[in-house]
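Shown next, in structure tokens, is the structure this report addresses.
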Amino acid sequence: MRIAILGAGNVGGGLGRAFAAAGHDVVFGVRDPESTKTQAALADIPDAVAASPGDAVEGADVIVFAVRPVAINATVAELPPLGGRLVIDAMNRFDAEPGGHSTTQDLAAMLPGAKLAKAFNTIGFENYATAAGRAVRAAMFVAGDDADAKRVAMDLAAQIGFQPEDAGGLANAKVLEEMVKIWLALSQAHGRGVAFAVSEG
Ligand SMILES: NC(=O)c1ccc[n+]([C@@H]2O[C@H](COP(=O)([O-])OP(=O)(O)OC[C@H]3O[C@@H](n4cnc5c(N)ncnc54)[C@H](OP(=O)(O)O)[C@@H]3O)[C@@H](O)[C@H]2O)c1
């Protein structure tokens, strides 16, 4: 698949490396292809390219949001209409109000008709590249109301070594953002390699 990743920082670059290792074509959509972060991401993925967000999503099978939330408006403003397109949101925003909207719900409002799922947000970015080598598979929670988007996000998660888990509908995207607070607390004791896992009884 051709995967457009909007943002080439920790998350964008980390997912780009993992998706490329799984055989996908990666194009980064960024505000500045010459930025240090973008150049670092490109250096690690020989065949990846960087373009404007609008050019990056052209012809992409999947579009991944991995910018800082402050950049959502500016990034969306550069995109063509994404109705019917598969969009995965890997971002987190820690509002003062836990009941506030998730970045995924904001994208749903800004991208009418897009097929959206939340994924890849509940673990530190360092773990995307190492997921396949873990003794116990780390869970990757996927939330959303669109079955196609969830299936694609879960397939991608499995391809890079996670145990994909259906975490419910779009309303749970905020729950997944709040879970990161637990992950951060756990990482204090266990380090940033810590991950959630699901155990069946
Ligand atoms: N860090 C983690 O372990 C982790 C894990 C899961 C989810 N997340 C979430 O994922 C999101 C990205 O985090 P990150 O750690 O990847 O951040 P990051 O390393 O700072 O990268 C952020 C990306 O957003 C772009 N950006 C920042 N401000 C911008 C602006 N005003 N306009 C346009 N682009 C802008 C940056 O572009 P430039 O290169 O041009 O600055 C960069 O490509 C956050 O919501 C974060 O909470 C983080």
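The values are calculated or read from the model by the stated rules, or taken from the named source; none is laboratory data. Quick caveat, the model's predicted, so the values are computed rather than measured. So basically every Cβ, Gly included, is an ideal-geometry build from the backbone, and we count neighbours across all protein chains shown.
Filtering the range 120-139 down to residues that are hydrophobic (A, V, I, L, M, F, W, C) and within 11 Å of the ligand (Cβ to nearest atom), which residue is surrounded by the most Cβ atoms within 10 Å (Cβ to Cβ)? Among those that are hydrophobic (A, V, I, L, M, F, W, C) and within 11 Å of the ligand (Cβ to nearest atom), it is Phe120. Just one of the listed residues (Ala20, Ala77) is free of Cβ contacts under 8 Å to residues at least 40 places away in the same chain and within 13 Å of the ligand (Cβ to nearest atom), and it is Ala77. I'm checking my understanding of the structure. Among residues of the range 169-184 that are without any contact (Cβ under 8 Å) to a residue 60 or more places away in the chain and closer than 24 Å to Ala132 by Cα, which one is farthest from the ligand (Cβ to nearest atom)? Filtering the range 169-184 for residues that are without any contact (Cβ under 8 Å) to a residue 60 or more places away in the chain and closer than 24 Å to Ala132 by Cα, the one farthest from the ligand (Cβ to nearest atom) comes out as Ile182.
Tell me, yes or no, whether the range 2-12 has at least one residue that is under 25 Å from Thr130 (Cα atoms), away from the ligand (no atom under 16 Å from the Cβ), surrounded by fewer than 22 Cβ atoms within 10 Å (Cβ to Cβ) and modelled with pLDDT of 95 or more.
Going through the range 2-12, the residues under 25 Å from Thr130 (Cα atoms) turn out to be 2-12.
Next cut, away from the ligand (no atom under 16 Å from the Cβ) only: 2.
So of that shortlist, the ones also surrounded by fewer than 22 Cβ atoms within 10 Å (Cβ to Cβ) come out as 2.
Subset that is modelled with pLDDT of 95 or more: 2.
Scanning the range 2-12 turns up at least one residue that is under 25 Å from Thr130 (Cα atoms), away from the ligand (no atom under 16 Å from the Cβ), surrounded by fewer than 22 Cβ atoms within 10 Å (Cβ to Cβ) and modelled with pLDDT of 95 or more.
Here is a list: Asp95, Asp89, Asp106. Which entry is at pLDDT below 95, of a type in the set (Asp, Glu) and on the phi < 0 side of the Ramachandran plot? Break it down stepwise before answering.
On the way: Asp89 fails: at pLDDT below 95; Asp106 fails: at pLDDT below 95.
The conditions single out Asp95.
Out of Gly84, Gly59, which single residue is among the small types (Gly, Ala, Ser), surrounded by fewer than 13 Cβ atoms within 10 Å (Cβ to Cβ), under 26 Å from Ala143 (Cβ atoms) and more than 9 Å from the ligand (Cβ to nearest atom)? Before you say what the answer is, go through the steps one by one.
Working: Gly59 fails: under 26 Å from Ala143 (Cβ atoms).
So the residue among Gly84, Gly59 that is among the small types (Gly, Ala, Ser), surrounded by fewer than 13 Cβ atoms within 10 Å (Cβ to Cβ), under 26 Å from Ala143 (Cβ atoms) and more than 9 Å from the ligand (Cβ to nearest atom) is Gly84.
Val67 meets the stated requirement of being within 13 Å of the ligand (Cβ to nearest atom) and in contact with a Leu (Cβ under 6 Å, 6 or more places away or on another chain). Among the criteria (1) in a loop (DSSP other than H, G, I, E, B); (2) surrounded by fewer than 18 Cβ atoms within 10 Å (Cβ to Cβ); (3) at pLDDT 95 or above, the one Ile182 does not fulfil is (1). What number of residues in the range 96-119 are in a loop (DSSP other than H, G, I, E, B), surrounded by 13 or more Cβ atoms within 10 Å (Cβ to Cβ) and more than 12 Å from the ligand (Cβ to nearest atom)? Final tally of qualifying residues: 4.
In this structure, Met154 does not qualify as under 17 Å from the mean Cα position of the chain (by Cα), part of a strand (DSSP E or B) and buried (at least 20 other Cβ atoms within 10 Å of the Cβ).
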